[in-house]
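Here the structure is laid out as structure tokens; the discussion comes afterwards.
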Amino acid sequence: MIQIKNLWIWVEDKEIITWIDLKIDSWKNYLLLWKNWSWKSSLSNFLMWNPLYKHLYWEVKINWKNLIDMDVSERAAEWLFLSFQNVPEIPWVNLWEYLRTIYNNKLKITSPETMQVSPFIFKRFIKKYLNELSLDEDFLSRDLNVWFSGWEKRKLEILQVRLLEPKYIILDEIDSWLDLDSFKKVSSLISDINTDKNSIIVITHHFKIADYIKFDEVYVLKNWKVDRKWWVELLSEIQKNWFE
């Protein structure tokens, strides 16, 4: 569970989120909605410890632990995963070695007694995930996200979710850089990874993803705070009447 109470966030002396309260259960899916520039993405950046985002009057807990005291690696170890709106390109970091490293880090947390996976074993192990995403092995020889299409970047993020199996999967504007056909495929793949052991939190100003993922609660952000929250029926109301 992620519990947020009385959270204020600001960046460079600009107040961007005020007095937000939010509870995320690990078996429910959430949709955070509003138009552009409503600072929805700021909440995800704060949760993953972007140092630009300062906070005040907070109580934020994850799995009953104080999230504020954790650095980014510790937050990831609590199975918090963020899919970026604008995925960074990192040259000179080999994708295959990067994936093996994060998978071995997962094993270190979940099964400290388990030996690290060797390059040979990992190459065999990851094949099934590549097949699921229609990726060939040559894809792994590239640098991390460098010259990737939007579709390839989203596939890689889903591949990371497959490997890490996080409890809280934050998808920030997952439709960015995707054409309609790619968006449908990504949405379907996300639906496939959703289980009763994880929670998908989608941050967006589009509604079509609700055609593919079953959401339990909908939050509307307005004027830097939660304006409305309700069950999924709220989504139907917004689709009918927009945000009026």
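The values are calculated or read from the model by the stated rules, or taken from the named source; none is laboratory data. Model, not experiment: these values are computed from the prediction. Counting neighbours? That spans all protein chains shown, and the Cβs are built from the backbone with ideal geometry, glycine included.
If you check L52, L43, L82, L99 for being assigned to a helix (DSSP H, G or I), in contact (Cβ under 8 Å) with a residue 24 or more places away in the chain and under 21 Å from I9 (Cα atoms), only one passes: L43. Each residue in the stretch 85-96 was checked for being over 21 Å from I190 (Cα atoms) and not in a helix (DSSP H, G or I), and 6 pass.
With the requirement that a residue be outside any loop (DSSP other than H, G, I, E, B) and among the β-branched types (V, I, T), what does the stretch 104-157 give you? Write out each step before concluding.
Narrowing the stretch 104-157 to residues outside any loop (DSSP other than H, G, I, E, B): 104-110, 119-125, 127-132, 137-141, 143-144, 150-157.
Across the stretch 104-157, the qualifying residues are I109, T110, I121.
The condition of being touching a residue at least 24 places away in the same chain (Cβ under 8 Å), surrounded by fewer than 20 Cβ atoms within 10 Å (Cβ to Cβ), not in a loop (DSSP other than H, G, I, E, B) and not polar (S, T, N, Q) holds for only one of L163, L171, that being L163. Which condition breaks for F183 when tested against (1) in a helix (DSSP H, G or I); (2) crowded, with 19+ Cβ neighbours inside 10 Å; (3) modelled with pLDDT of 90 or more? Condition not satisfied by F183: (3).
For the stretch 110-148, filtering for residues that are surrounded by 13 or more Cβ atoms within 10 Å (Cβ to Cβ) and over 26 Å from W92 (Cβ atoms) leaves 1. Comparison of L133, L171, L144 shows that the only residue that is of a type in the set (A, V, I, L, M, F, W, C), modelled with pLDDT under 95 and over 21 Å from A77 (Cα atoms) is L133.
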